[in-house]
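The values are calculated or read from the model by the stated rules, or taken from the named source; none is laboratory data. In this text the structure is predicted, and so the values were computed from the model without any measurement. Ligands, DNA and RNA are stripped out before the accessible areas are found, and what is left, the full protein with its side chains, is counted by its heavy atoms. Shrake-Rupley method; radii C 1.70, N 1.55, O 1.52, S 1.80 Å.
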Amino acid sequence: MRNPGWAGAALIAVALAVTACGTGSGSSAGGAYGYGNQATQAAPTSPSSVSTVALKTETTRAGMVLANDHGLTLYYYSADKRGSGTSVCTGGCATAWPPLAAPVKAPAGVRLPGRLGVITRPNGVKQVTLNGYPLYFYTGDKAPGQAKGNGVGGSWHVIKIKAG
């Protein structure tokens, strides 16, 4: 005999995941980032009560990727429109994929695949962008070097860093 409660719970979990993560059409991982320019600008600084996060690289199963100072992988969302100054990841999406808050400092000696910038989210949080795309964390990544969000919904991608 089947347990109908289990099936209902599974359907709700799938619906929440799709709603939070989106299913927008995406580009291939790293495809939104051309390797034309090295970022030399850090995001503008804000009041002294906010500390600047030094970005770094981290080795993952997806390759060498951009991460925060704790080694947590950063992602871009292909449903965001490059250079639009806005993020389409809000509500439940932003809970599952928290924005990378400004200010940040580019990693020393690393050639980023675009320029760092900042947008202001509707709640006033300053979110870091790279090559015009807002950057996010994934709540499913619990330790440095994890990239569990890469490819989720076909829309979430790590920021690959080329060596040397």
With every protein chain in place, the stretch 52-164: carbon and sulfur % of accessible area (1.4 Å): 52 percent
- prompt: Could you give the length gained on full extension between residue 143 and residue 64, defined as 0.36 nm per residue of separation minus the Cα-Cα distance, in nm?
  reply: 26.9 nm
statement: Which residues qualify? For residue 133, with a placed amide H closer than 5 Å and at least 5 residues away or on another chain, they are 83
Cα-based Kirkwood hydrodynamic radius, the stretch 104-164, one decimal, Å: 13.3 Å
